[in-house]
Amino acid sequence: MELVKRTLAILRTIAEGEKFLTLSEISLRTKIPVSSISRIISTLTEEQFVVRGSDRRYGIGPEAIGLCRGGRFLDDASRDILSNLCEEYEETVFLSRFVGNQVRCLALWHGTRPVTLAVRTGDMLPIHASAAARVILAEYPLSRAQEVIARSERIKFTPKTLTSEKDILRHLKTVHERGYDICYNELNAGVLVVSAPIIGPHNTVTTSVSMAGAVMGDAEAKAGAEHWLPPVQEAAKRISGLWTHE
């Protein structure tokens, strides 16, 4: 019972904070020892009830926000943005989120254009071979990215799949610098995926929006990426605006 009370006290303190808090600040406000907070925070962070910023400060996470919405992580306005994107471009659109050491597909809208996509709602995405996952991981500190990559099973799905830690980290650096990721022939042959990060409260990134479709050849893939990138980034920007102003 004491553990439950401490966990709730920590969540309440973080939720009421006007900014992200350090472990020491949480300890000062809750009167709970830092060592105890550290253990509880570790679990809360892994389950996404709390998110950790790059400066080792903690804020309320998407799972806790989802509970405040009555258990619905994705609000109606965000759903409308994504379903409209799918309808306008007739391609498959999906939303993904970082959970623990993996990225899970939260929701998916099937386009009218046929595509063989190795992802369904609820599925975990391969960290090394999915643009939806990499565009999130690219926003994490290097040490955290290395930890996630080290724990992942890096299957070589196609000849173009990146599997070495060095190559993946180099790619993540590029993704971070340009603000989006493109995956073609890395997870599914003949499938193009364009992904952009959704910026949450306090500039944290735990979620991404992606568009996927079948293409034939490098030229069509390049044209598709150029065509899809602006609307995908715009959708991510609009959802970011909704989430950061809640």
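Where a number appears in this text, it was derived from the coordinates with a stated rule and is not lab data. If you're wondering where the values come from, they're calculated on a predicted model, not measured in any experiment. Because the Cβ atoms are built from the backbone with ideal geometry, glycine has one as well, and the counts that use them run over all protein chains shown.
Answer with one residue from W109, G61, S38: the one whose Cα lies farthest towards the positive end of the charge dipole of the chain, charges on Cβ with Lys, Arg +1 and Asp, Glu -1.
S38
Separation between the R144 and T174 pseudo-spin-labels, each 7 Å from Cα along Cα→Cβ, expressed in nm?
Each label point is offset 7 Å from its Cα along the Cβ direction, giving 2.4 nm.
Once every DSSP H run of n ≥ 4 in the chain is given -39500 (n - 2.57) and the sum is divided by its residues, what mean residue ellipticity at 222 nm do you get, rounded to the nearest 500 deg cm²/dmol?
-15000 deg cm²/dmol
Looking at this model, which pairs from K166/K237; K156/K222; K19/K237; K173/K237; K173/K222 are more than 25 angstrom apart at the alpha-carbon?
Values: K166/K237 30 Å; K156/K222 23 Å; K19/K237 22 Å; K173/K237 21 Å; K173/K222 21 Å.
Pairs exceeding 25 Å: K166/K237.
Please determine, in degrees from 0 to 90 and to the nearest 10, the orientation of helix 217-244 with respect to the longest principal axis defined by the Cα atoms of the chain, where the helix direction is its Cα long axis.
The answer is roughly 30 degrees.
Within the chain, what is the longest stretch that has no trypsin sites (Lys or Arg not before Pro) placed in a DSSP loop and near at most 15 other beta-carbon atoms within 10 Å? Walk me through the numbers before you get to the answer.
Values: sites that count: K19, K31, R56, R69, R72, R120, K156, K160.
The longest uninterrupted stretch comes out as 161-246.
Using modelled amide H (1.01 Å from N, peptide plane; none on Pro or chain starts), what sits under 5 Å from the amide H of V99, excluding residues fewer than 5 places away?
R104
If one takes the longest principal axis of the Cα atoms in the chain, at what angle in degrees, from 0 to 90 and to the nearest 10, does the Cα axis of helix 34-46 lie?
So the inclination is approximately 30 degrees.
Pairs of alpha-carbon atoms within less than 8 angstrom and 6+ residues apart define the contacts here; what relative contact order does segment 2-68 have, in percent?
That works out to 30 percent.
For the pair R113 and H202, what calculated FRET efficiency results from E = 1/(1 + (r/R0)^6), where r is the Cβ-Cβ distance and R0 = 35 Å, to the nearest 0.05?
On the way: r = 37 Å, r/R0 = 1.07.
Efficiency computed from Cβ-Cβ geometry: 0.40.
With a bin width of 5 angstrom, please list the P(r) values of segment 100-193 as percents of all Cα-Cα pairs, from the 0 bin to the one holding the largest distance.
2, 14, 25, 27, 19, 10, 3, 1, 0
Distance between Cα centroids, segment 128-175 to segment 18-39: provide it in whole Å.
That distance is 32 Å.
Using unit Cβ charges (K, R positive; D, E negative) and no other charged atoms, how large, in debye to the nearest 20, is the dipole of segment 76-244 about its Cα centre?
560 debye
Going by a ≥ b ≥ c, the root eigenvalues of the Cα gyration tensor, does segment 2-68 fall in the rounded group (a/c under 1.5), the prolate group (a/b larger than b/c) or the oblate group?
Because its axes are fairly even, with a/c under 1.5, segment 2-68 counts as rounded.
Hey, can you grab everything whose amide H is under 5 Å from the amide H of I199? Only 5+ residues off in sequence or another chain; H modelled, so Pro and N-termini drop out.
Under 5 Å from the amide H of I199: S240.
Any idea what the relative contact order of the chain is, in percent, if you count C-alpha pairs under 8 Å spaced at least 6 apart? Don't skip to the answer; put the middle values down first.
On the way: 435 pairs, mean separation 37.7, N = 246.
The value is 15 percent.
Out of the chymotrypsin sites (Phe, Trp or Tyr not before Pro) in segment 170-246, which ones are loop residues according to DSSP with at most 14 other C-beta atoms within 10 Å?
For chymotrypsin sites (Phe, Trp or Tyr not before Pro) across segment 170-246 that sit outside H, G, I, E and B with at most 14 neighbouring Cβ atoms in 10 Å, the list is empty.
Amide H to amide H, which residues 5 or more places from N185 or on other chains are under 5 Å from it, using H placed in the peptide plane?
Excluding prolines and chain starts, which carry no amide H, the hits are G190, V191.
What do you get for the angle between helix 2-16 and the principal long axis of the chain? Use alpha-carbon atoms, 0 to 90 degrees, nearest ten.
Compared with the principal axis, the helix lies near 70 degrees.
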